Every structure is written in C-alpha cells, then in structure tokens.
Amino acid sequence: MSQYQDDIDALTSVRNAAGSSWDAINPEYAARMKAQNRFQTGLDIARYTAAIMRKDMEEYDRDSSKYTQSLGCWHGFIGQQKLISIKKHFGSTDKKYLYLSGWMVAALRSEFGPLPDQSMHEKTSVAGLIKELYTFLRQADARELGGLFRQLDAASDADKPAIQAQIDNYETHVVPIIADIDAGFGNAEATYLMAKQMIEAGACCIQIENQVSDEKQCGHQDGKVTVPHEDFLAKIRAVRYAFLELGVDDGVIVARTDSLGAGLTKQIAVTREPGDLGDQYNSFLDVEEVTPETMKNGDVLINQGGKLVRPKRLPSNLFQFRAGTGEDRCVLDCITSLQNGADMIWIETEKPHVGQIGGMVNRVREVIPNAKLVYNNSPSFNWTLNFRQQVFDAWAAEGKDVSAYDRGDLMNVSYDDSELAAAADDKIRSFQADGAREAGIFHHLITLPTYHTAALSTDNLAKEYFGKEAMLGYVANVQRKEIRQGIACVKHQNMAGSDMGDDHKEYFAGEAALKAAGKDNTMNQF
C-alpha cells in the first residue's frame with residue numbers, strides 16, 4: 001500500500017474518532033495537503049538535506065565522476081525556477097544543489113541598498129534568504145503535486161495506478177543549500193548564534209572563511225586579511241556545536257581559505273613552542289632581524305628560531321606575509337581545518353586552472369587522503385581570456401606555432417572562430433569534470449549567475465521594448481519562447497499558487513467555492 005493511501009486511512013480513523021462534527025472533512029483532501037507540506041520545519045529540511053550531502057560525498061570518494069553542482073541565488077523564486085528547470089530537463093535533482101552567496105545578499109538583499117561584499121549587510125538577511133528559498137521550493141512541490149492530484153481525479157480507473165505511482169515516488173524540489181556565513185560576522189559566539197539561525201532556517205551546509213570579520217573583502221578583491229588558525233578553528237567549532245545543539249548531527253562545514261590572495265594579517269599568532277600552529281603561521285611573516293641598536297620606537301618584536309625579528313607592519317597597523325607564501329599557507333589552512341572539524345575545503349583562487357588547484361589539493365591529500373574541495377567557478381574570472389591564454393601557453397611550450405595570435409588580445413572577437421578558441425572552449429566545457437578527477441573538486445558552484453543573467457536579459461528586453469520592436473520585443477523574445485520551451489511561468493497565476501488556492505476553496509467550501517480557474521481566466525490561452 002502507498003504512503004498516500006496509508007495517510008488517507010490514518011486520517012479517516014482520526015476523522016471518525018472525532019464524531020459527526022467532522023463529517024464534512026474529507027480524509028483524502030487532508031492527505032493531499034499533508035503530502036504537499038512534507039517538511040514542517042527548517043530543521044526537518046536541514047536533517048534531510050544533510051543526509052543527501054553525506055551520501056553524495058561518499059559516492060564521490062568512490063567515483064570522482066560523481067561530483068555535484070550548484071548555482072547561486074538571491075531570491076526564493078530564482079532558486080525555485082532553477083530546481084523546476086533541473087527536474088524538467090534532467091528528470092531528477094540528484095547531485096544538484098543551491099548556493100547562497102554572501103556577495104549577492106550584500107548586493108541585493110540589504111536594507112542599506114547595494115553593498116560590497118564586506119559583511120556590512122544585516123546578519124539576519126542570510127537566514128531570511130535560506131527560509132525564503134525553502135518556502136519557494138516547498139511551494140514548487142505543492143504546485144506540482146496539486147497537478148498530479150487533479151490528474152488523479154480526472155483519470156479513468158485504468159489510468160489511476162500510473163498517476164498514483166508518480167505521487168508515491170514523487171521527488172521533492174528541496175535540495176541542499178551551501179550557505180555562506182562570510183567570516184562569521186564577529187567573534188566565535190556571534191558565529192555560533194548566526195549559524196543556529198541559518199540551520200533553523202534549513203541550512204545543512206555552512207561555508208566559513210578565514211578572513212578577519214571586520215576587514216572582510218570579496219574573495220576576488222585585494223586587501224584581504226586572514227586570522228591565525230586558532231581563531232578560525234574556534235569558529236569552525238562554534239558552527240559544529242550549533243549543528244549538534246539543533247540535532248543536525250551530520251551537518252556539513254566547508255572551511256574556506258583566502259590565503260592565496262591574502263597577503264596581510266591583523267594579528268601575530270600566539271605560539272608556545274617551536275613548530276606549533278601559531279609558530280607555523282608566524283613563520284610566513286615578512287620579517288627583518290634586529291638588534292637593540294636597530295630597534296625603533298613602537299616596534300613589535302618576536303623570537304624566531306632564536307633570532308629577534310621585526311615583522312613588517314604597514315601604516316594600516318596590519319602585518320605583511322612574505323611574497324610567494326600563499327600556496328603554502330593555503331595548504332596549511334586546509335590541513336588544519338580538516339583535522340579540526342571541517343568536512344570540506346574551499347580554496348579561493350585568482351584563476352580557474354586545474355593544475356594549480358590540483359597541485360594544492362594533492363599536497364593536502366598527502367596528509368588527508370579523502371580531502372574534498374568546494375570550488376567557486378566564479379564570474380569574477382574572465383573564463384574566455386584565461387582559457388585561451390592557457391591553451392596559448394600550452395601550445396607554445398609544445399613548440400606549436402602561435403604567431404597568429406596576440407596573447408594579450410585573445411578576447412578579441414576576431415579569434416572566436418579560431419582553432420585556439422575552439423580548444424579553449426573544450427577546456428572550459430570539461431573544466432568541472434577535469435577538476436573533479438584531477439583536483440579533488442567534489443562541488444562546483446557559480447556564485448553569481450542570476451545576477452548576471454538578470455542584467456543581460458533585462459538589457460536585451462529594454463533595448464527591444466523601448467525601441468523599434470516595442471511589444472514584439474517582449475512577445476517574440478520572452479513569451480513566445482516561454483510557450484515553446486514549456487516554461488511553467490508562462491502561466492504565472494498558476495505559478496503564484498492560484499490553482500492551489502482553488503483546490504483549497506473546494507476542500508473548504510465544496511460547491512460554494514468561488515474559483516479563479518473558470519472559463520474567463522486568461523491563463524486558459526496557454
């Protein structure tokens with residue numbers, strides 16, 4: 001017997017036990033509403049999706065072709081439409097997640113207006129977006145199941161079993177969200193409190209970075225400042241305690257290192273003995289040996305290997321790392337984080353290069369063999385230029401004639417149909433699979449895709465609608481394509497819940513229900 005039928009039977013017993021005053025309650029309608037609201041709380045979602053991520057991580061450990069992907073989103077509707085499209089095109093949401101980008105929250109969700117990615121937006125806006133995303137994903141379930149229930153009602157007895165099977169085997173739109181907590185928005189206690197909010201809203205995976213909270217910068221901008229390892233580990237532990245307190249025992253933590261592009265630190269680490277974690281952090285500082293005679297007023301001095309040295313301090317009161325130490329610091333960050341409670345790592349790089357990424361991850365894997373990476377396939381990279389230059393450099397190293405190309409001008413449209421451009425596009429196409437196989441990348445994400453797609457599509461629509469095409473600009477390039485591509489939103493009333501509202505009106509009022517989906521509803525034109 002199906003779960004749906006089990007629920008009908010159980011609710012029939014509840015109704016009958018209540019007596020005649022409940023005679024107007026239809027147990028099947030109640031079972032439908034229960035199926036359409038499978039997840040009662042955000043914690044239900046967090047526990048469900050954490051199990052999905054853990055299963056996917058185990059599968060990736062066995063087979064690196066089983067990597068996962070996600071797209072960043074800044075509104076519940078955007079997240080909903082991604083999952084609806086994924087189910088439409090691929091028939092399953094397997095290994096497809098959502099990414100919640102702190103950059104997009106700052107740029108698009110703050111009451112201050114658009115802000116740079118510097119943790120200046122409201123703390124609560126992150127948890128609020130997680131809740132909103134899952135509200136829209138749950139609504140997508142309710143809408144799709146509502147359509148199946150209407151098909152069931154209209155079907156012949158011969159066709160009902162097939163529709164019933166679709167209901168019983170229904171795959172939810174609810175998937176894991178990897179949620180960006182920036183640098184924790186304060187100290188470890190602040191990190192814990194914010195993590196709790198995010199988990200209660202449904203987050204099963206929290207990504208935290210090793211920058212200084214009040215100096216935080218976007219991962220692809222200059223001026224980044226890191227914290228000593230012990231400070232960062234305290235925040236990782238704070239997130240773990242939040243998961244455990246809320247009963248999400250298999251919650252996932254992604255520890256991000258910005259050390260590759262961060263040449264500064266605000267603190268000299270505490271060290272108790274040579275070779276400890278603090279000493280290793282300090283060993284990367286840009287220092288000069290001093291004597292009592294060369295000391296200056298206000299100098300900060302430390303003992304390194306028996307020598308008295310002065311770390312280079314900038315006018316900003318920050319200390320500088322030695323040039324060329326970024327990769328070594330990244331590797332140490334990753335190993336330390338994974339040894340102290342993180343489940344995966346994120347290395348923020350300045351370019352998408354499988355060899356560079358794999359080189360660092362392989363060093364980490366010498367210590368932690370199953371280390372897995374979450375990687376930002378960032379729109380901050382010029383993918384076309386980067387990969388054309390990578391192909392140019394590879395061909396030059398092989399002795400191939402590249403005299404027809406100007407390496408500094410490879411974005412030029414004149415190269416678009418060239419052999420080099422085609423080879424570069426092939427490398428872009430295979431980047432995710434190559435990275436999963438050669439660089440330990442379990443999860444590929446694009447942080448800001450819909451920020452850019454919204455801007456591009458709006459630019460095209462504005463040019464046409466306000467130009468000579470006028471209304472045809474919308475009809476030909478939006479609505480007609482929606483109809484022919486089967487985009488559900490062409491029936492925007494249905495997408496907003498009108499048909500579900502009609503169902504409920506019928507449940508509640510029977511024949512007296514005043515429904516919106518009558519013959520005069522213009523949605524019938526679609």
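Values as computed for the structure displayed
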item: GLU132 acidic (Asp, Glu) and either in contact with a helix residue (DSSP H, G or I) (Cβ under 7 Å, 6 or more places away or on another chain) or surrounded by fewer than 15 Cβ atoms within 10 Å (Cβ to Cβ) (or both); result: yes
item: Whichever residue in the stretch 359-400 is more than 22 Å from GLY261 (Cα to Cα) and within 28 Å of the chain's Cα centre (by Cα) and, among such residues, is surrounded by the most Cβ atoms within 10 Å (Cβ to Cβ); result: ARG388
item: Some residue of the stretch 203-218 being more than 17 Å from VAL126 (Cβ to Cβ), among the aliphatic types (A, V, I, L, M) and modelled with pLDDT of 95 or more; result: no
item: Given (1) within 30 Å of MET104 (Cα to Cα); (2) part of a loop (DSSP other than H, G, I, E, B), index of the condition ARG47 fails; result: (2)
item: Positions within the stretch 51-105 being polar (S, T, N, Q), in a helix (DSSP H, G or I) and farther than 23 Å from VAL126 by Cβ, in sequence order; result: SER85
item: Subset of the stretch 22-40 [closer than 21 Å to GLN139 by Cβ and in contact (Cβ under 8 Å) with a residue 60 or more places away in the chain]; result: TYR29, ARG32, MET33, ALA35, GLN36, ASN37, ARG38, PHE39
item: Helices (runs of 4 or more DSSP H) lying entirely in the stretch 477-526 (those with 2 or more residues that are more than 30 Å from ALA31 (Cβ to Cβ)); result: 480-485
item: In the stretch 1-26, the residues that are assigned to a loop (DSSP other than H, G, I, E, B) and either at pLDDT 90 or above or basic (Lys, Arg) (or both); result: GLY19, ASP23, ALA24, ILE25, ASN26
item: Number of the exception - THR135 against (1) of a type in the set (Val, Ile, Thr); (2) over 30 Å from MET33 (Cα atoms); (3) free of Cβ contacts under 8 Å to residues at least 60 places away in the same chain; result: (2)
item: Those residues of the stretch 281-297 which are free of Cβ contacts under 8 Å to residues at least 40 places away in the same chain, assigned to a loop (DSSP other than H, G, I, E, B) and within 18 Å of ALA323 (Cβ to Cβ), in sequence order; result: SER283, ASP286
item: Within the stretch 236-276, considering residues that are under 30 Å from CYS204 (Cβ atoms) and among the basic types (Lys, Arg), the one surrounded by the fewest Cβ atoms within 10 Å (Cβ to Cβ); result: ARG237
item: Answer residue from the stretch 441-465, given it is in a helix (DSSP H, G or I) and touching a residue at least 24 places away in the same chain (Cβ under 8 Å) and is surrounded by the most Cβ atoms within 10 Å (Cβ to Cβ) among those; result: THR450
item: Test: residue in the stretch 48-55 that is in contact with a helix residue (DSSP H, G or I) (Cβ under 8 Å, 6 or more places away or on another chain), assigned by TED's automatic domain parsing to the domain that holds ARG437, closer than 19 Å to LYS131 by Cβ and of a type outside the set (A, V, I, L, M, F, W, C); result: no
item: Candidate set from the stretch 305-315 (those that are of a type outside the set (A, V, I, L, M, F, W, C) and either assigned by TED's automatic domain parsing to the domain that holds ARG363 or free of Cβ contacts under 8 Å to residues at least 24 places away in the same chain (or both)); member that is surrounded by the most Cβ atoms within 10 Å (Cβ to Cβ); result: ARG310
item: Failed condition for GLU438, given (1) touching a residue at least 24 places away in the same chain (Cβ under 8 Å); (2) exposed (fewer than 12 other Cβ atoms within 10 Å of the Cβ); (3) not aliphatic (A, V, I, L, M); result: (2)
item: Hey, GLU511 outside the structural domain of GLN69 (by TED's automatic domain parsing), among the acidic types (Asp, Glu), farther than 30 Å from SER101 by Cα and over 34 Å from the mean Cα position of the chain (by Cα) or not; result: yes
item: Residue match in the stretch 111-125 (condition: in a helix (DSSP H, G or I), surrounded by fewer than 16 Cβ atoms within 10 Å (Cβ to Cβ) and touching a residue at least 60 places away in the same chain (Cβ under 8 Å)); result: yes
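The values are calculated or read from the model by the stated rules, or taken from the named source; none is laboratory data. The structure presented is a predicted model; accordingly, all values stated were derived computationally and were not measured. Counting neighbours? That spans all protein chains shown, and the Cβs are built from the backbone with ideal geometry, glycine included.
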